[in-house]
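A.B. asks: Following this message is one structure expressed as structure tokens.
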Ligand code: NAP
């Protein structure tokens with residue numbers, strides 16, 4: 001990758017976050033990148049930036065502020081720079097280290113491959129972290145919604161998402177089919193499309209390690225390895241085994257396994273220890289519905305994590321409020337979990353909460369936790385006071401929906417009235 005910017009320039013009034021000896025050094029005026037995204041992306045990203053700026057000012061007054069740097073991906077990049085994912089954007093994201101990103105369109109079954117997946121792979125953002133938490137006032141379908149507080153760690157670079165796929169009847173697929181037949185006697189018909197599911201020890205272990213560190217830092221009491229290892233033994237099964245290996249070898253003083261709890265502690269989790277257990281994927285889905293309070297951090301490969309996080313978000317009231325952070329060792333970008341919601345694009349009615357909370361996750365990631373906390377509180381208080389966008393308001397009889405910008409203004413107003421903790 002070229003390490004020079006050819007067509008865009010960073011702003012001159014801020015400085016870059018540095019990464020030194022395993023941690024960030026954040027200047028008072030850090031340059032943080034943003035990508036508007038497609039569809040509703042520009043609306044929700046702009047709304048998020050306005051709330052984040054207000055929160056930074058609330059906490060730090062004039063001593064600190066974010067200097068935003070726009071980078072381009074998706075349709076805007078294609079229009080301005082002739083390509084959906086310019087090299088400059090990747091270089092810029094690496095220079096800034098932290099990026100707030102709007103959703104980007106990916107056509108289904110045809111057209112360009114996912115830009116999101118490409119960014120995650122190129123910057124090696126190996127964990128996708130998705131908190132799923134109930135907000136007071138959000139109409140939620142689960143009767144246990146207020147007991148849901150789960151953080152999902154979805155692996156981001158491997159699995160069937162790695163993009164190793166060949167179209168049915170194409171020469172590559174036919175070659176693989178012939179190879180499988182010749183070498184292993186596997187019979188596949190010629191009209192078969194092929195996808196590979198790579199899951200490696202090293203990538204699994206760094207991902208599980210990140211989740212365990214997170215659990216320790218945030219005082220979470222349970223870490224669950226979700227997998228489909230009964231069927232896919234050497235990929236998903238290996239994921240669970242490697243996960244236990246990391247927990248038992250690198251975090252021995254912090255953790256206890258479910259087996260140990262049963263055999264050595266009379267079935268009662270000892271105080272001060274994190275319980276590490278595992279659940280088969282289909283069971284995991286019913287467990288988060290029937291007994292969500294038993295789960296706190298769920299670590300899983302890529303595809304399971306994608307399904308699980310949308311399903312879990314739905315339990316607490318939908319993906320309009322679900323944020324996510326994609327993080328590796330040095331670089332990170334935060335984004336809403338939802339997509340471009342094309343039918344709402346340009347109408348100023350999309351819910352910007354997920355984008356706002358994604359910004360909060362990004363700030364926590366760089367160490368501005370007090371700003372992050374106040375943003376989470378402000379969004380929750382605003383919704384609890386009956387101010388919400390149409391996706392939530394439509395579930396109530398007497399709530400007038402706010403537009404995207406009105407909701408962002410309402411959050412900023414709430415911020416003004418909150419006391420710092
Ligand atoms: P979607 O964009 O998330 O929209 C699905 C539905 O979710 C919408 O019709 C709407 O539901 C609701 N919704 C999502 N975000 C909302 C918001 N902020 N406010 C209010 N309602 C919201 O999923 P999709 O239609 O499957 O995907 C559209 C495009 O986005 C695709 O090209 C896909 O590849 C892309 N995508 C990108 C990302 C990303 O960039 N990380 C993630 C997911 C999808 P109602 O119709 O019920 O109102």
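The values are calculated or read from the model by the stated rules, or taken from the named source; none is laboratory data. In this text the structure is predicted, and so the values were computed from the model without any measurement. We place every Cβ from the backbone using ideal geometry, glycine too, and count neighbours over all the protein chains shown.
A.B. asks: In segment 314-421, which helices (runs of 4 or more DSSP H) lie fully inside it and hold 1 or more residues that are farther than 27 Å from residue 127 by Cα and away from the ligand (no atom under 14 Å from the Cβ)? Before you say what the answer is, go through the steps one by one.
C.D. replies: On the way: elements: 353-366, 369-384, 390-393, 404-417.
In segment 314-421, 369-384, 404-417 are the helices (runs of 4 or more DSSP H) which contain 1 or more residues that are farther than 27 Å from residue 127 by Cα and away from the ligand (no atom under 14 Å from the Cβ).
A.B. asks: Let me ask something else about it. Which condition breaks for residue 306 when tested against (1) farther than 15 Å from residue 156 by Cα; (2) more than 8 Å from the ligand (Cβ to nearest atom)?
C.D. replies: Evaluating residue 306 over (1) farther than 15 Å from residue 156 by Cα; (2) more than 8 Å from the ligand (Cβ to nearest atom) leaves (1) as the failure.
A.B. asks: Looking at (1) in contact with a strand residue (DSSP E or B) (Cβ under 6 Å, 6 or more places away or on another chain); (2) within 23 Å of residue 308 (Cβ to Cβ); (3) free of Cβ contacts under 8 Å to residues at least 40 places away in the same chain, which is the one condition that is false for residue 166?
C.D. replies: Here residue 166 clears every test but (2).
A.B. asks: Okay, moving on. Looking at 337, 371 in this structure, which one is touching a residue at least 24 places away in the same chain (Cβ under 8 Å) and within 13 Å of the chain's Cα centre (by Cα)? Outline the logic, then answer.
C.D. replies: Details: 371 fails: within 13 Å of the chain's Cα centre (by Cα).
Only one candidate qualifies: 337.
Conditions tested, residue by residue: (1) within 30 Å of the chain's Cα centre (by Cα); (2) assigned to a strand (DSSP E or B); (3) touching a residue at least 40 places away in the same chain (Cβ under 8 Å).
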residue: 236; (1), (2), (3): yes, no, yes
residue: 249; (1), (2), (3): yes, no, no
residue: 266; (1), (2), (3): no, no, no
residue: 269; (1), (2), (3): yes, no, yes
residue: 272; (1), (2), (3): yes, no, no
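A.B. asks: Separate question: Quick one: in segment 258-269, which of the residues that are out of contact with any helix residue (DSSP H, G or I) (no Cβ under 7 Å at 6 or more places or on another chain) and surrounded by 12 or more Cβ atoms within 10 Å (Cβ to Cβ) is nearest to residue 302 (Cα to Cα)?
C.D. replies: This residue is 258.
A.B. asks: While we're looking at this one, here's another question. Give the residues of segment 220-254 that are at pLDDT below 95 and closer than 20 Å to residue 269 by Cα, sorted by residue number.
C.D. replies: The answer is none; no residue qualifies.
A.B. asks: Another one. Can you tell me which residue among 195, 219 is surrounded by fewer than 18 Cβ atoms within 10 Å (Cβ to Cβ) and in contact with a helix residue (DSSP H, G or I) (Cβ under 6 Å, 6 or more places away or on another chain)? Step through it out loud before you land on a result.
C.D. replies: Values: 219 fails: in contact with a helix residue (DSSP H, G or I) (Cβ under 6 Å, 6 or more places away or on another chain).
The unique qualifying residue is 195.
A.B. asks: Something else now. Go through the residues of segment 377-384 one by one and say whether even a single one is without any contact (Cβ under 8 Å) to a residue 60 or more places away in the chain and surrounded by 24 or more Cβ atoms within 10 Å (Cβ to Cβ).
C.D. replies: For segment 377-384, residues without any contact (Cβ under 8 Å) to a residue 60 or more places away in the chain and surrounded by 24 or more Cβ atoms within 10 Å (Cβ to Cβ): present.
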